[in-house]
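Before any comments, here is the structure.
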Amino acid sequence: MVPSRHATELDELGYTLIPSFASADLLAELRATVARLYEIEGETAGSEFRLEPGCLRLANLIDKGEVFQRVVAAPEMLAFVRHVIGPDFKLSSLNCRTALPGCAPQPLHADMGGVADERGPWVCNIIWMLDAYTPDNGPVRVVPGSHRWRRLPASELPDLRAHHPAEIAVTAPAGSVVVMNAHTWHGGLDNRTSGQRTALHAFYCRRDKPQQQYQKKLLRPKVQAALAPELRVLLALDDPLNDELATSTVPRSGFLAAPERPRAF
Ligand SMILES: O=C(O)CCC(=O)C(=O)O
């Protein structure tokens, strides 16, 4: 069950903050794993999905560490996802995003470029802050209530990077999480500090929608073979509908352009 304050915030505002959710040990493990991956992957980091100027990104993280499997299956977080999109959901992707010093604001967007449909919301994003989000280091901004508008910011705002009069910048200590109904208009702000700011994005969607990253194709066979049954369900590894949806050409990002030529996965 989702505590009632958070449920109300999700319903009315489209997001809720759970301060200092991750334990110190988990936070240290996540930071160390992410740092190691950035070092190993170098210039190819994030290339399984899309790159973003001014940022470092990692994609396909379920393949890259058992700690990430724990993160996406955390029962408290799955209860939040269930609250937002109902019982029939799956993991869409797990990415990492590091806003580098000087990075520009992201365009305001809704994830997958999607609005709620006749069955209601179908995307939920959980941001795990590996660094504190401060007013100056590129925190996420959200436009409260916009998840209900069933419109996309690109359809009405002349400058998607400009401040929106109703936006709120979400700031909190490292280890906090923000749960978002991801139809809510949102985006990372500019990093005006000299330090990096890193977060994981655990992204879930309804089972009748395509994953952002097709887990069955991206995860190495040996990783898939070692997964617990509950994780196989969460990742939709044995789900013919998911296989069919993976071939669809709907947008996979609210603002990041697809590579000009399809990648080989
Ligand atoms: O890094 C953040 O906190 C927000 C990023 C975001 O909204 C996105 O990449 O879609």
Filter result (charged (D, E, K, R) and over 12 Å from Asn181 (Cα atoms)) within the stretch 1-32: Arg5, Asp25, Glu29, Arg31
Members of the stretch 171-200 found to be over 19 Å from Val71 (Cβ atoms), of a type outside the set (Asp, Glu) and within 14 Å of the ligand (Cβ to nearest atom), listed by number: Thr171, Asn181, His183, Thr184, Trp185, His186, Gly187, Gly188, Leu189, Asn191, Gln196
From Asp131, Asp136, residue being more than 18 Å from Gln211 (Cβ to Cβ), surrounded by fewer than 18 Cβ atoms within 10 Å (Cβ to Cβ) and within 16 Å of the ligand (Cβ to nearest atom): Asp136
Matching helices (runs of 4 or more DSSP H) fully within the stretch 1-73 where at least 1 residues are of a type in the set (Val, Ile, Thr) and touching an Asp or Glu at 6+ places or on another chain (Cβ under 7 Å): 66-72
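Out of Ala154, Ala169, Ala162, I need the residue that is surrounded by fewer than 22 Cβ atoms within 10 Å (Cβ to Cβ) and in a helix (DSSP H, G or I). Which one? Before you say what the answer is, go through the steps one by one.
Numbers: Ala169 fails: in a helix (DSSP H, G or I); Ala162 fails: in a helix (DSSP H, G or I).
Step by step, each of Ala154, Ala169, Ala162 is checked, and only Ala154 is surrounded by fewer than 22 Cβ atoms within 10 Å (Cβ to Cβ) and in a helix (DSSP H, G or I).
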Of residues in the stretch 40-96 being of a type in the set (Ser, Thr, Tyr) and out of contact with any strand residue (DSSP E or B) (no Cβ under 8 Å at 6 or more places or on another chain), the one nearest to Leu189 (Cα to Cα): Ser47
Considering residues of the stretch 82-128 that are over 20 Å from Leu152 (Cα atoms) and assigned to a helix (DSSP H, G or I) only, the residue nearest to the ligand (Cβ to nearest atom): His83
Evaluation of Asp190 against (1) within 19 Å of Trp128 (Cα to Cα); (2) surrounded by fewer than 19 Cβ atoms within 10 Å (Cβ to Cβ); (3) in contact with a helix residue (DSSP H, G or I) (Cβ under 9 Å, 6 or more places away or on another chain) (one fails), failing number: (3)
Residue match in the stretch 220-239 (condition: in contact with a helix residue (DSSP H, G or I) (Cβ under 9 Å, 6 or more places away or on another chain), in a loop (DSSP other than H, G, I, E, B), modelled with pLDDT of 95 or more and within 16 Å of the ligand (Cβ to nearest atom)): no
The stretch 158-180, residues that are among the small types (Gly, Ala, Ser) and either out of contact with any Pro (no Cβ under 9 Å at 6 or more places or on another chain) or free of Cβ contacts under 8 Å to residues at least 12 places away in the same chain (or both): Ala162, Ala174
Residues (of a type outside the set (Val, Ile, Thr), buried (at least 19 other Cβ atoms within 10 Å of the Cβ) and within 23 Å of Glu41 (Cβ to Cβ)) located in the stretch 96-128: Cys96, Arg97, Ala99, Cys103, Gln106, Asn125, Trp128
Selection count where residues are of a type outside the set (S, T, N, Q) and farther than 25 Å from Thr33 by Cα, scope the stretch 94-149: 29
Number of positions in the stretch 226-241 that are closer than 14 Å to Lys64 by Cα and either basic (Lys, Arg) or free of Cβ contacts under 8 Å to residues at least 40 places away in the same chain (or both): 1
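The values are calculated or read from the model by the stated rules, or taken from the named source; none is laboratory data. Since the structure is predicted, the reported quantities are computational estimates derived from the model, not experimental observations. Heads up, the Cβs are rebuilt from the backbone with ideal geometry, glycines too, and the neighbour counts pull from every protein chain shown.
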